[in-house]
1. Once all Cα-Cα distances of the chain are split into 5 Å bins that start at 0, what whole-number percent is in each one?
2. Once amide H atoms are built 1.01 Å from N in the peptide plane, which residues 5 or more positions from Glu193, or in another chain, come under 5 Å H to H?
3. List the lysines whose Cα sits under 29 Å from the Cα of Lys97, skipping any in the same chain fewer than 8 residues away.
4. Run the paramagnetic zone check for Ser182: 7 angstrom along Cα to Cβ, then residues of region 72-98 with backbone nitrogen under 20 Å.
5. If you wrap a convex hull around the alpha carbons of region 39-85, what volume per residue comes out, as a whole number of Å³?
6. For the chain, return all DSSP H helices satisfying: extent of Cα atoms along own axis at least 27 Å; mean Kyte-Doolittle hydropathy at least -1.0.
7. In nanometres, what is the gap between the two model label sites at Arg35 and Lys227, each 7 Å from Cα along Cα-to-Cβ?
8. Which listed residue (Ala25, Ile126, Val51) has the Cα farthest towards the positive end of the charge dipole for the chain, taking +1 on Lys and Arg C-beta and -1 on Asp and Glu C-beta about the Cα centre?
Amino acid sequence: MPRHIAIVMDGNGRWAKKRGLPRTAGHAVGAETFRKIAYACRDMGIEYLTVYAFSTENWKRSRDEVNTIMELLKKYLNELVDTLVEKGVHVKVLGDKSGLSPELQELIRKVEAISDTIDSPYHANICINYGGRDEIIKAAQKWAEDPERPPLTEESFSHYLYSDGIPDPDLVIRPSGEQRLSNFLLWQSAYSEFYFTDTLWPDFDENTLREAIKAYQRRDRRFGGAK
Ligand code: IPE
Ligand code: IPE
Ligand code: MG
């Protein structure tokens with residue numbers, strides 16, 4: 001079983017277009033898919049799930065689409081404030097929070113504070129205003145400004161990344177037929193296994209997840225070594 005699965009939640013817009021609906025309708029259904037998959041992962045015993053919800057490049061989209069995504073994120077985080085303890089999952093937001101609305105930042109603070117009080121092996125990380133290159137640049141800045149600035153190694157540098165404390169993803173899944181990272185977890189995916197499927201994110205379900213895990217279990221991970 002992979003310990004950490006990361007998913008690019010892609011294909012909401014095309015899912016909606018195929019049905020003659022506005023792109024925003026696809027995001028609403030995609031948000032439901034996330035709820036289902038997060039609990040499916042927990043129930044399968046997967047310790048870490050990291051999802052790409054909004055990239056540093058997604059601001060290029062129409063104001064209407066960006067607003068809809070931000071409203072959906074607020075709605076989801078608000079729900080978590082009331083239900084997180086009972087759900088027993090640590091939630092963390094990865095990304096440049098300073099670029100988000102004060103209201104969203106406050107909600108994230110609340111959810112992360114509640115998460116800190118939960119004793120559970122399950123972690124859901126949501127990447128919002130996240131970019132892999134931005135993360136690496138910000139980490140370099142943090143290191144440079146750290147009065148204790150430790151000698152720079154892969155290990156010491158990784159503590160300045162948003163993903164500090166989170167193991168690297170074993171499996172990265174991208175639905176929707178696209179086969180690229182789109183600036184997701186550039187540092188962390190150095191030795192991840194990749195799984196691509198044509199299924200659009202709103203149609204992604206537990207069976208798709210099981211297929212991805214089965215494919216992962218057939219892989220031979222060598223990490224540069226030889227057998
Ligand atoms: C992913 O779905 C959600 C976000 C990027 C926020 P898209 O909106 O990218 O859907 P497609 O790729 O246009 O179908
Ligand atoms: C990546 O999907 C970002 C998220 C799913 C949040 P995009 O739809 O933004 O990526 P591109 O534009 O197809 O590369
Ligand atoms: Mg897309």
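The numbers here are math on the coordinates, done by the rules we state, and not lab data. Keep in mind that what you see is a predicted model, and the values were worked out from it rather than measured. All Cβ positions, glycine included, derive from the backbone under ideal geometry; neighbour counts span all protein chains shown.
1. 1, 6, 14, 18, 20, 18, 12, 6, 3, 1, 0, 0
2. Amide H neighbours of Glu193, under 5 Å, 5+ apart: Leu171, Val172.
3. Partners found: Lys36, Lys60, Lys74, Lys75, Lys87, Lys110, Lys138, Lys142.
4. Counting only backbone N, you get 72-74, 76, 93-97.
5. Hull volume over Cα atoms, normalised by residue count, gives 94 Å³.
6. Passing helices, by number: 23-44, 63-87.
7. 4.3 nm
8. Ala25
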